[in-house]
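Here is the structure we will look at.
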Amino acid sequence: MASSLHDAPSAAVNGTSAAAADSKSQVHKKPRLYADPSPPLFTPSDILSEFSHHDPTVARINNGSFGSCPSSVISAQNDFRLQWLRQPDDFYFNQLQPKILQSRTIIKDLINADHVDEVSIVDNATTAAAIVLQQIAWGFAEGKFDHGDAAVMLHYAYGAVKKSVEAYVTRAGGYVIEVPLPFPVNSADEIVHEFRQALQRGKQNGRRVRLAVIDHVTSMPTVVIPVKELVTICREEGVDQVFVDAAHGIGCVDIDMKQIGADFYTSNLHKWYFCPPSVAFLYCKRSVNNSDLHHPVVSHEYGNGLAIESAWIGTRDYSAQLVVPKVLEFINRFEGGINGIKKRNHECVVEMGQMLVEAWGTHLGCPPEMCSSMVMVGLPACLGISSDRDALNLRTCLREKFAVEVPIYYRSPKDGEEGGVTGYARISYQVYNKAEDYYKFRDAINQLVDNAFTCASLPNS
């Protein structure tokens, strides 16, 4: 029989004492999202110290890929690792599960979920996608869905999620429809229109749309998707379930589970929420349809609910999941906490993006209000970016010759288009960044232009 969601690992399997099990079942008090009394705010020198492990020679304007973890949080993580190594049995039986529950409780309050049972902690958003898509695959395999029923996802969905849809949904007999999105994008209305059209295609020939996969912030090219509107449309059109992939969500855009209304929502905490890699949450709205979700790694806790299954998937390093309280302390030392950080990051990335496009005579990839803490910046057309390979080679050139780390995106020209911008840089802004990082990038591109550089001159182009 399944144990309580907050029980320790099964005593029959792991030899847990009743006392230890009781200690693990205690629910932590609701954490203060803003400490009282407030800790002293960070000074510029404090921030510099917290990120002193970053390579000072590199203009690191790519927080979006791997995030950034401050020194104080790394120290807390190392303390947990040492506690585990010092006495692993005590840590396993008496500390691990209560500490994971504490992290889940903080996340529950941050995202405005109804109950902590709706929040599971997993490695990353890709793992979360596998959990959701695995359930959809079982729906086809067990005859709950008809062969050819549809799943809808955005064309700009993250590559790993696209592969997961292929592995789980297509292989199981689902019909996958990609929503074509314009880029550059001028308004949210363009996205809403294309999404409605895709849902209509999904329902042709008597098909049911079983799942919609919607990004909150697309990765490449990056743009904030009107996720609330799209979820509402899904409800109106009878889509069975909605999964929001918000790998860049928490710490980057506003998140409220009650307002968004999705069945599933995942976000990495190591991208914009200062956790070490890798840790993410998966929110699963309480419903009968979501009662059969399971972690793809099956261990002793199978059948005890997804949150408990995910909290023990065998011997591994769980320390990244345990530092969420320490991260909250770090965040609350900034004016306005996480909301203040998001606001300043957004304003700064837009300001730096506009500085760059003015210097190069190009344009942003979307209006400022559709940017988060990242924005797409058009590169000079004379660089000759004509393929994904060119984009990757230019990125390597910028890293190796100019010590600038920034992703480059290739946009295929439309039919008949000549001389337009085909290359874009995705710039990020996080608390450790300085204006000098973006000036360094500007000057690197200007030097390439002045030298009549083109991507065709790079090796492997």
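The values are calculated or read from the model by the stated rules, or taken from the named source; none is laboratory data. Keep in mind that this is a model prediction, so the values were computed, not measured. When we count neighbours, we look across all protein chains shown, and the Cβ atoms used for this are built from the backbone with ideal geometry, even at glycine. Each accessible area value is taken on the protein alone, full model and side chains, heavy atoms only, with ligands, DNA and RNA left out. Shrake-Rupley method; radii C 1.70, N 1.55, O 1.52, S 1.80 Å.
Annotations
- Filtered by the rule that a residue be within 20 Å of residue 107 (Cα to Cα) and among the aliphatic types (A, V, I, L, M), segment 280-317 gives 280, 282, 293, 306, 307, 308, 311.
Listed here are the residues, each with its yes/no results for (1) over 16 Å from residue 217 (Cα atoms); (2) part of a helix (DSSP H, G or I).
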position: 131; (1), (2): yes, yes
position: 144; (1), (2): yes, no
position: 157; (1), (2): no, no
position: 164; (1), (2): yes, yes
position: 181; (1), (2): no, no
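- Residue that is out of contact with any Gly (no Cβ under 8 Å at 6 or more places or on another chain), at pLDDT 95 or above and over 21 Å from residue 409 (Cβ atoms), where the choices are 166, 118: 118
- Selection status of residue 265, within 11 Å of the chain's Cα centre (by Cα) and under 16 Å from residue 372 (Cα atoms): no
- Here the helices (runs of 4 or more DSSP H) wholly within segment 282-343 that include at least 2 residues being among the β-branched types (Val, Ile, Thr) and crowded, with 20+ Cβ neighbours inside 10 Å are 324-331.
- Residue match in segment 116-137 (condition: more than 25 Å from residue 271 (Cβ to Cβ), open to solvent by 10 Å² or more (accessible area, probe 1.4 Å) and free of Cβ contacts under 8 Å to residues at least 24 places away in the same chain): no
- Taking segment 411-430 as the range and being surrounded by fewer than 19 Cβ atoms within 10 Å (Cβ to Cβ) and in contact with a helix residue (DSSP H, G or I) (Cβ under 8 Å, 6 or more places away or on another chain) as the test, the residues that pass are 419, 420.
- Residue 396 being of a type in the set (S, T, N, Q) and under 30 Å from residue 254 (Cβ atoms): no
- Residues satisfying the stated conditions in segment 345-365, i.e. part of a helix (DSSP H, G or I), without any contact (Cβ under 8 Å) to a residue 24 or more places away in the chain and open to solvent by 30 Å² or more (accessible area, probe 1.4 Å): 347, 351, 354, 358
- Conditions (1) surrounded by 23 or more Cβ atoms within 10 Å (Cβ to Cβ); (2) over 26 Å from residue 425 (Cβ atoms); (3) modelled with pLDDT of 95 or more; number of the one not met by residue 227: (2)
- For beta carbons closer than 9 Å, sequence separation of 6+ or different chains, a first residue in segment 230-252 that is touching a residue at least 12 places away in the same chain (Cβ under 8 Å) and in a loop (DSSP other than H, G, I, E, B) and a second that is open to solvent by 10 Å² or more (accessible area, probe 1.4 Å) and aromatic (Phe, Trp, Tyr), the qualifying pairs are 240/145; 247/158.
- Residue in segment 72-113 that is surrounded by the fewest Cβ atoms within 10 Å (Cβ to Cβ), counting only those that are of a type in the set (A, V, I, L, M) and free of Cβ contacts under 8 Å to residues at least 24 places away in the same chain: 85
- Residue list for segment 331-374, restricted to those being within 13 Å of residue 425 (Cβ to Cβ) and among the aromatic types (Phe, Trp, Tyr): 360
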